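Student: Okay, handing you the structure first.
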Amino acid sequence: MLGFVPAGESISQMYNKFTKIINGLASLGKKYSQGEMIRKILRYLPAKWTPKATAIEEANDLSTMTFEKLIGSLMAHEINMERLGESSFRRSPNNAFKAKESTSDEATASECSDSEDEEVFLFGWKRRLAVQAFPLIRRED
């Protein structure tokens with residue numbers, strides 16, 4: 001895969017450019033079979049598309065595959081990549097299993113701080129439950 005698609009170019013933009021080039025070559029007398037054109041499109045994709053291009057090549061007979069099926073498959077993959085890319089930017093790195101080396105004084109201070117934070121959280125949570133369970137009754141004097 002050579003990967004000539006510029007960054008930010010969509011599959012539909014790439015397909016439009018490809019069609020213009022193929023039509024220009026056809027007007028000069030150079031004809032390509034549908035299978036050859038599909039192979040050229042797959043080679044034109046960027047390197048990060050290599051797994052998808054390989055899957056398409058292995059799962060389909062490229063000589064009988066239609067452009068609509070290829071472009072539809074590539075556009076669906078593009079949408080999935082965009083969706084996954086956006087969600088990965090929102091997520092913070094998962095540091096749940098990272099260990100940190102600390103001295104015993106730091107560990108004790110950290111443990112005390114964590115237990116205090118936990119107590120404050122539990123107190124607030126219990127208070128909210130109590131308020132919900134026993135609404136405030138106003139006394140009229």
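A short reminder: the numbers here are calculations on the coordinates, not readings from a lab. Because the structure is predicted, anything quoted here is derived from the model rather than measured.
Student: Stretch K40-L28 to full length: gain in nm at 0.36 nm per residue minus the Cα-Cα span?
Tutor: Working: separation 12, 0.36 × 12 = 4.32 nm, distance 1.85 nm.
Gain on stretching K40 to L28: 2.5 nm.
Student: Going by the alpha-carbon gyration tensor, a ≥ b ≥ c the square roots of its eigenvalues, is the stretch 28-68 rounded (a/c under 1.5) or, if a/c is not under 1.5, prolate (a/b greater than b/c) versus oblate?
Tutor: Oblate, because a/c is 1.5 or more while a/b does not exceed b/c.
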